[in-house]
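The values are calculated or read from the model by the stated rules, or taken from the named source; none is laboratory data. Just so it is clear, the structure is predicted and the values come from calculations on it, not from any experiment. Every residue, glycine among them, receives a Cβ derived from its backbone with ideal geometry; neighbour counts consider all protein chains shown. These area figures cover heavy atoms from the full protein model, side chains too; ligands, DNA and RNA do not enter into them. Shrake-Rupley method; radii C 1.70, N 1.55, O 1.52, S 1.80 Å.
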Amino acid sequence: MGSVRAALRLHGGVVDLGGADTRATPHWTGGKHEALADIAAMEPRLAELQERLYAQAVAGGSRKRLLLVLQGMDTSGKGGVVKHVIGHFNPSGCHIHAFKTPTRDELAHPFLWRVRHQLPAPGIIGIFDRSHYEDVLIARVRGLVARPVWARRFGAINRFERTLHDDEVTVVKVFLHISYAEQRERLLKRLDNPDKHWKFAPGDIDERAYWPDYEEAYEAVLHKCTTDTAPWYVVPSDRKWYRNWAVSRLLLEHLEDIDPQYPPAHFDVEAERARLLQT
């Protein structure tokens, strides 16, 4: 099938989100039902690779782990990815953290402080629903810090992600790209369904007024913080089924690239078998 990573990866240069097709399905020629079938077919392999990654750390001393960073406009599907894609894995081998408004304690530290505390341990798959990138997104758009402050953070983020790579953390950064019109439709569905009212806040509408500013901020993030060790992947996300397929495939390709192995036994297997049979 080839590489979804190659199809979705950014390689630097100017980024034009407004000109990108958010309903496109790069590297996929089938429809929704075929994609759902392919996701189901990936599940056993994803589960096996996760178990290998965990076993390799627990019994083999490996420091390898994976961190999935999910960013996107409100309603882009960060929670949906956590629900539908991360559901392939054993929860005990995952660490999921949703970054909210910083607490007073977190604000008293450098912006990466709270992120370091949520990094996955060796053998674990970590998932960030929003991340350290909020400190160069909403902090920029809403003027929470001065321009020189957030402008310096791009370099700090690149250095931080380089240290993660050097510590055997595979960082998979995914921007879930939806259109302005699609966001409106998703917000309307929340209003139309009483069971979804809890997911809606009046401020969601107010925030839409800042769409061009967020788009500009995201373009800067994608341009300045895609590197050889931690590139960005842009996933068109108006079609939820494609979004889930693409992220599943990205995780599969990265885990296969890590190629975790079950560690060998550190004891005499046959001797232990014979001893067990005597009990």
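From a point 7 Å beyond the Cα of Glu219 in the direction of its Cβ, which residues of segment 16-56 have a backbone N at a distance under 12 Å?
16-20
Taking a probe of 1.4 Å, how large is the accessible area per residue of segment 90-227, in Å²? Don't skip to the answer; put the middle values down first.
Working: 7260 Å² over 138 residues.
On a per-residue basis, 53 Å².
What length, rounded to one decimal in nm, is gained on full extension from Thr29 through to His165, with 0.36 nm per residue of separation minus their alpha-carbon distance?
45.6 nm
Run the numbers on segment 71-229 and let me know its relative contact order in percent, using alpha-carbon pairs under 8 Å that are six or more apart.
Contact order relative to length: 30 percent.
Search the structure for amide H atoms under 5 Å from the amide H of Ala98, placed 1.01 Å from N in the peptide plane, and list their residues when 5 or more places away or on another chain.
Counting only residues 5 or more places away or on other chains, the set is Asp129.
Taking R0 as 25 Å, what FRET efficiency do you get between Arg208 and Arg147 from their Cβ-Cβ distance, rounded to the nearest 0.05?
It comes out at approximately 0.60.
Students often get this wrong: which residues of segment 252-270 have the backbone nitrogen under 16 Å from the point 7 angstrom along Cα-to-C-beta of Arg9?
252-259
Let me know the shape class of segment 1-130, please: from the alpha-carbon gyration tensor, a ≥ b ≥ c as square roots of the eigenvalues, rounded when a/c is under 1.5, otherwise prolate if a/b is greater than b/c, or oblate.
It comes out oblate by the Cα gyration axes.
Residue separation times 0.36 nm, minus the C-alpha to C-alpha distance between Arg104 and Asp228: what's the value?
Extending this stretch completely gives an extra 41.2 nm.
Could you look at segment 119-254 and say what percent of its accessible area is carbon and sulfur, using a 1.4 Å probe and all protein chains?
52 percent
To the nearest 20 debye, what is the magnitude of the charge dipole of the chain about its Cα centre, counting +1 on the Cβ of each Lys and Arg and -1 on the Cβ of each Asp and Glu?
Numbers: 38 positive and 37 negative charges, 112 e Å.
My answer is approximately 540 debye.
Which of the three applies to segment 1-52, rounded, prolate or oblate, going by the alpha-carbon gyration tensor with a ≥ b ≥ c and a/c under 1.5 meaning rounded?
Note, shape of segment 1-52 comes out oblate.
Taking a ≥ b ≥ c as the square roots of the eigenvalues of the Cα gyration tensor of the chain, is the shape rounded (a/c under 1.5), prolate (a/b larger than b/c) or oblate?
prolate
Given a Förster distance of 41 Å, report the FRET efficiency between Phe154 and Asn193 from their Cβ-Cβ distance, rounded to the nearest 0.05.
The value I calculate is 0.55.
For every helix of n ≥ 4 consecutive DSSP H residues, a contribution of -39,500 (n - 2.57) applies; sum these over the chain, divide by its total residues, and give [θ] at 222 nm rounded to the nearest 500 deg cm²/dmol.
-14500 deg cm²/dmol
When the Karplus curve 6.51 cos²θ - 1.76 cosθ + 1.60 is applied with θ = phi - 60°, which whole-Hz ³J(HN,Hα) does each residue of segment 18-29 get, with x for Gly and Pro?
Result, rounded to whole Hz: x, x, 8, 8, 7, 9, 5, 10, x, 6, 9, 9.
Computed FRET efficiency, Cβ-Cβ of Ala201 and Arg63, R0 41 Å: what is it to the nearest 0.05? Please list the in-between numbers first.
Values: r = 40 Å, r/R0 = 0.98.
So the FRET efficiency works out to roughly 0.55.
Roughly how many nanometres apart are two label points built 7 Å out from the Cα toward the Cβ at Asn90 and Val269?
1.8 nm
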